[in-house]
Amino acid sequence: MEPQPRNRWNWGFTPSAENWNGRFAMIGFISAVVLELTTGQGVLHFLGII
């Protein structure tokens, strides 16, 4: 049986799905840090929650 590529988009708890989940989490975290550095407000304050 041939192994699946690590970057293939699969649904469920698969290694490739966990890789994509980690990548999206890193993008979200960096976006939140950049937002806070550029505006001087946290994400919750920026969204009007606080």
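Just one of (1) modelled with pLDDT of 85 or more; (2) not in a helix (DSSP H, G or I) fails for residue 24. It is (2). Pairs are defined by a Cβ separation below 9 Å, a sequence spacing of at least 6 or placement on different chains, a first member in region 26-43 that is open to solvent by 100 Å² or more (accessible area, probe 1.4 Å), and a second member that is at pLDDT below 95; the pairs so defined are 36/42; 36/43; 36/46. Checking every residue in region 36-43 against the condition of being of a type in the set (D, E, K, R) and at pLDDT 80 or above gives at least one match. Residue count for region 9-21, restricted to those that are modelled with pLDDT of 85 or more and surrounded by fewer than 10 Cβ atoms within 10 Å (Cβ to Cβ): 0.
The values are calculated or read from the model by the stated rules, or taken from the named source; none is laboratory data. Here the structure is a predicted model, which means the values were calculated and not measured. For neighbour counting, all protein chains shown are included, and Cβ atoms are generated from backbone atoms with ideal geometry for every residue, glycine included. Remember, those area values only see protein heavy atoms, side chains included, never the ligands or the DNA or RNA. Shrake-Rupley method; radii C 1.70, N 1.55, O 1.52, S 1.80 Å.
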